[in-house]
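Bear in mind these aren't lab numbers, they're just calculated from the coordinates by the rules spelled out. Since we're looking at a predicted model, the values are computed, not measured. Here the Cβ is made from the backbone with ideal geometry for all residues, glycine too, and neighbour counts use every protein chain on show.
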Amino acid sequence: MTRDSAPSDKLRSLELEGAERRVRYDLDADLRAERSLGRTRAVLIASALLFAAIFAMRLAINDPSALVGNFYCVPIALVAAELGLRAGLLAAGVAIGLVFLWGATKGIHLGVLGYAARAAVFLMVGALVGRYSEARERDLASRRRSNAELRLRADELERSNADLRQALLRLEAFAQIARAVGGETDVERVLRLILDHGRGIVEACSLVICLRDGEQLVVAATTAGAVPGAVVPSSGSVLGEVLRSGKPARLVAGERALELAPGLTGQAAVMVPLVFRGDRLGVLAALDRESGGPAFTGEDEQLMAVVAASAATAVATAQSVAKERLRDSIEAAEQARARWARELHDETLQGLVGLRMLLSSARRTVSPEAMGEALAEAADQTKREIVNLRALIAELRPAALDELGLGPAIETLAERSGEAAGIDVSTRLALGDGDDRLAPDTESAIYRLVQEALTNVAKHAGAAHVRVEVARQNGAVSVLVEDDGHGFDPSVAHGGLGLVGMRERVELTGGRLEIASAPGRSTCVRATLPAV
Ligand SMILES: Nc1ncnc2c1ncn2[C@@H]1O[C@H](COP(=O)(O)OP(=O)(O)O)[C@@H](O)[C@H]1O
Ligand SMILES: [Mg+2]
């Protein structure tokens, strides 16, 4: 297992790049030196041969005025052109020496003027050609150096461009991840988006997110073959080790392939924990580099840590939303139970107590008329209690919904609510024929929505009239409950759970809910649900 931090990796790679540049530069200089060494040798040999040939020619033909000797200028120029000023002057010296030698051999001398003129010509050729060649060589060398430098810079530029392109792609992927985390509440969808974009960021064959579930890890989302929901034992597994230590890890397979989770094997892996505010929620792992490239680096580990931070935020948000929803629905159920208890206590129980007192006093009555009256009153009261209990039972589980269907159940509900609150309720229901019923969940969501909206109208609106409309068309059901009461400000939290529950029920079916109201204005609750 190798562990090191990414910045030092990056630094090392920059240092290596610098060293490579220096070596290439030096190599270039050496190559140049080697090339000129071979040529220098050839030039020196050619010059020596020319000196010898010219000397031999002078010996062969009688040349007392050293006319043939003028040709010594050729090897002098050759040497000077190849080796520069000093070598040129040296060659001129050799030529002067050869002219002397010829004179000495033949016993014929040129005289002072003759020797001085020859020497001056030879030295001038050596000096001028040598200087010119040195200047040209310097020029060439600097041009070669600039060319080499230019090539090097072009390579570097190309590499930087490739890096920049990759960085841009990564940035784009990160931006998409950020958008996904910000705009989605469905954790599965968010995790999928994170994995899809994350795969491009680390250039891995597959990514997997495992979340902690009690003592074990469960595959929550994956781009590979592993089945979501597969269980990874947290002890003895590499993913479990990463979760426990809270530290990232990189692995390369030995003789056997790595197995991160059932059905998830590979040759190289990088794993980072998902941590949100100190809570270890799970592990994000990447397996095998795309196109079989080199193993994962510290830089990949760092990129994975950024992807993991987004994933951890998404998971934590989704989990806290789920917890909040659960808390809300438990509280709503608790409130409903409290209301039923109150209703049973205040209405039914009081009614029964009254009834018992009525019947006890009737029992003590001797007059048949009084007895008859008491019994009639008892029968009335029993009837009222039956109505009350029916209403309560209907609220708990509207029998009409199961037996008659949504339309009649809403008619009954509207009628009863209107009567109870003294409000005029008009209904317009267009649900098609009764044979094609909606899913039970959709029906009860619509029923509860209308029920809560009508309860609110009765409790809060101070309305005289309310309109209930339910219509099914084009694969959707639209629901509308509009009252002519005094309205309220829906943007202000009211502490009640009715509106929250309404919205949740509708959203759970994949629908939308809008509440249009303002103080002093009528209230309109409008929902659209998929007709499934
Ligand atoms: N139709 C309405 N007309 C006027 N005010 C309403 C209406 N519906 C809801 N409200 C306001 O919104 C608040 C929240 O409603 P709700 O969430 O159902 O809680 P609860 O009914 O338990 O108070 C109510 O207390 C009330 O002030
Ligand atoms: Mg309410």
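Structure data summary
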| item | result |
| --- | --- |
| Taking only Cα atoms of region 376-532, radius of gyration then Dmax in Å | 16.1, 54 |
| Normalised convex hull volume, region 86-147, alpha-carbon set, Å³ per residue | 58 |
| Calculated P(r) of region 327-397 - Cα pairs past 14 Å, % | 67 |
| Sequence-separation-based contact order of region 245-336, relative, with Cα cut under 8 Å and 6+ spacing, percent | 23 |
| For q = 0.14, 0.17, 0.25, 0.26 Å⁻¹, Debye-computed log10 I/I(0) when each Cα of region 456-532 counts as one equal scatterer | -0.47, -0.68, -1.21, -1.25 |
| Three semi-axes of the equivalent ellipsoid, region 218-300, Cα gyration tensor, whole Å, largest first | 20, 16, 12 |
| Additional length obtainable on full extension of the chain from SER65 to ARG159, 0.36 nm per residue less Cα span | 27.0 nm |
| Loop sites in region 423-453: trypsin sites (Lys or Arg not before Pro), DSSP, at most 14 other Cβ within 10 Å | ARG437 |
| Computed FRET value (nearest 0.05) for GLU17 with ARG337, which takes r as the C-beta separation and R₀ as 60 Å | 0.25 |
| Helix-only [θ]222 nm of the chain, DSSP H runs n ≥ 4, -39500 (n - 2.57) each, per residue, nearest 500 | -21500 deg cm²/dmol |
| Span per principal axis, largest first, for the Cα atoms of region 353-427 (Å) | 52, 25, 17 |
| Evaluated at q = 0.22 Å⁻¹: base-10 log I(q)/I(0), Debye formula over Cα of region 33-168 | -1.21 |
| Separation of alpha-carbon centers, region 370-434 and region 97-148, rounded to whole Å | 128 |
| Convex hull per residue volume in Å³, alpha carbons only, for region 316-449 | 156 |
| Principal-axis tilt of helix 298-343 within the chain, Cα atoms, nearest 10 degrees | 10 |
| Computed over region 147-288, the ratio Rg/Rh where both radii use C-alpha atoms and Rh is Kirkwood | 1.08 |
| Net length gained if the chain between ARG136 and GLU415 were fully extended (0.36 nm per residue, minus Cα distance) | 89.5 nm |
| Whole-number percent relative contact order across region 446-487, with pairs defined as alpha carbons under 8 Å at least 6 apart | 41 |
| Diffusion coefficient, µm² s⁻¹, Stokes-Einstein with Kirkwood Rh over alpha-carbon pairs of the chain at 20 °C and 1.002 mPa s | 64 |
| Spread of Cα-to-Cα distances over 5 Å intervals beginning at zero, given as percent, for region 39-88 | 5, 22, 28, 20, 13, 9, 3, 0 |
| Kirkwood estimate for region 281-364, i.e. one over the average of 1/r between Cα atoms, Å | 18.9 |
| Net length gained if the chain between GLU377 and ILE393 were fully extended (0.36 nm per residue, minus Cα distance) | 3.3 nm |
| Residue exposure sequence - ILE393, ILE194, ILE515, ILE201 - by fewest surrounding Cβ within 10 Å | ILE393, ILE515, ILE201, ILE194 |
| Relative contact order of the chain, pairs being alpha-carbon contacts under 8 Å that are 6 or more residues apart, as % | 8 |
| Summed side-chain charge close to ALA476 - residues other than ALA476 whose Cβ falls under 13 Å, Lys, Arg +1, Asp, Glu -1 | +3 |
